[in-house]
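A short write-up of the structure that comes next.
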Amino acid sequence: MHSTKKENIMEHSEQVAQLAHALAYVSNKIYGNNVDVNACVTLAVFHESSEVITGDLPTPIKYYNNEIKVAYKELEKVADDKLLSMLPQEMRDDYKKILEPDKNSYEYKLVKAADRLAAYVKCLEEIKSGNKEFSKAEKSIKKELENSPLPEIKYFMDNFIKGFSLTLDELD
């Protein structure tokens, strides 16, 4: 899809980190959980590290069919292994936990949710800029977020998402 605003991996990762921080904070403050906020932020900062080597592949292509999805996951693993091999030996185990996190951890689930929120925010920004190419993606991602089993997503959507559609003049 054509974007009105180009985004790089670093900007995307920063936004996901901020969203993950918010979701973790909501999880702890509103729902009384004990989520490691710093772990969420760290995982988010590094969640696209493999793309330094692989480059980005548009989501509709990545998930077009199961063969491409599996092949891309294997490519990401090779890239992560390459990145880890470039670190001093004494740092590899620590960074392996970041680049290959426990996918069952709540922190990981919040980061994945933050990544979807970032995609949704990107759609909102593009539509706000007059780019209708993101309309279909906006609808499908919104539905996905609305059906999320994570209460933090519902809270975020109910309390914060509107602000991402406002212009600077409307922020008063």
*Restricting region 120-140 to residues that are aliphatic (A, V, I, L, M) and at pLDDT below 95, which is nearest to His21 (Cα to Cα)?*
Leu124
*Whichever residue in region 123-172 is over 20 Å from Lys5 (Cβ atoms) and among the aliphatic types (A, V, I, L, M) and, among such residues, is surrounded by the fewest Cβ atoms within 10 Å (Cβ to Cβ)*: Met157
*Restricting the first residue to region 134-151 and requiring it to be more than 15 Å from Leu110 (Cα to Cα) and touching a residue at least 12 places away in the same chain (Cβ under 8 Å), which pairs with a second residue that is of a type in the set (A, V, I, L, M, F, W, C) and assigned to a loop (DSSP other than H, G, I, E, B) meet a Cβ separation below 8 Å and a spacing of at least six or different chains?*
Phe134/Met1; Ala137/Met1
*in contact (Cβ under 8 Å) with a residue 60 or more places away in the chain and among the hydrophobic types (A, V, I, L, M, F, W, C): does that describe Phe164?*
no
*Given Lys62, Lys103, Lys97, which one is under 26 Å from Ala24 (Cα atoms), out of contact with any Leu (no Cβ under 6 Å at 6 or more places or on another chain), surrounded by 10 or more Cβ atoms within 10 Å (Cβ to Cβ) and of a type in the set (Lys, Arg)?*
Lys97
*asked:* Could you check region 128-172 and list, in sequence order, the residues that are hydrophobic (A, V, I, L, M, F, W, C) and out of contact with any Lys or Arg (no Cβ under 7 Å at 6 or more places or on another chain)?
replied: Phe134, Ala137, Ile153, Phe156, Met157, Phe160, Ile161, Phe164, Leu166, Leu168, Leu171
*Give the residue, chosen from Leu83, Leu87, Leu124, Leu110, that is of a type outside the set (Phe, Trp, Tyr), in contact (Cβ under 8 Å) with a residue 40 or more places away in the chain and under 23 Å from Ser50 (Cβ atoms).*
Leu110
*asked:* Just to be sure before I move on: is Ile127 hydrophobic (A, V, I, L, M, F, W, C), part of a helix (DSSP H, G or I) and over 19 Å from the mean Cα position of the chain (by Cα) in the structure I sent?
replied: yes
*Go through region 53-67 and give me each residue that's over 19 Å from Asp115 (Cα atoms) and either within 18 Å of the chain's Cα centre (by Cα) or outside any helix (DSSP H, G or I) (or both).*
Asn65
_Complete set of residues in region 1-45 that are hydroxyl-bearing (Ser, Thr, Tyr) and part of a loop (DSSP other than H, G, I, E, B)_ = Ser3, Thr4, Tyr31
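The values are calculated or read from the model by the stated rules, or taken from the named source; none is laboratory data. What you see is a predicted model, and the numbers here were worked out from it, not measured in a lab. Methodologically, a virtual Cβ is constructed for each residue, glycine included, from the backbone with ideal geometry; neighbour enumeration extends over all protein chains shown.
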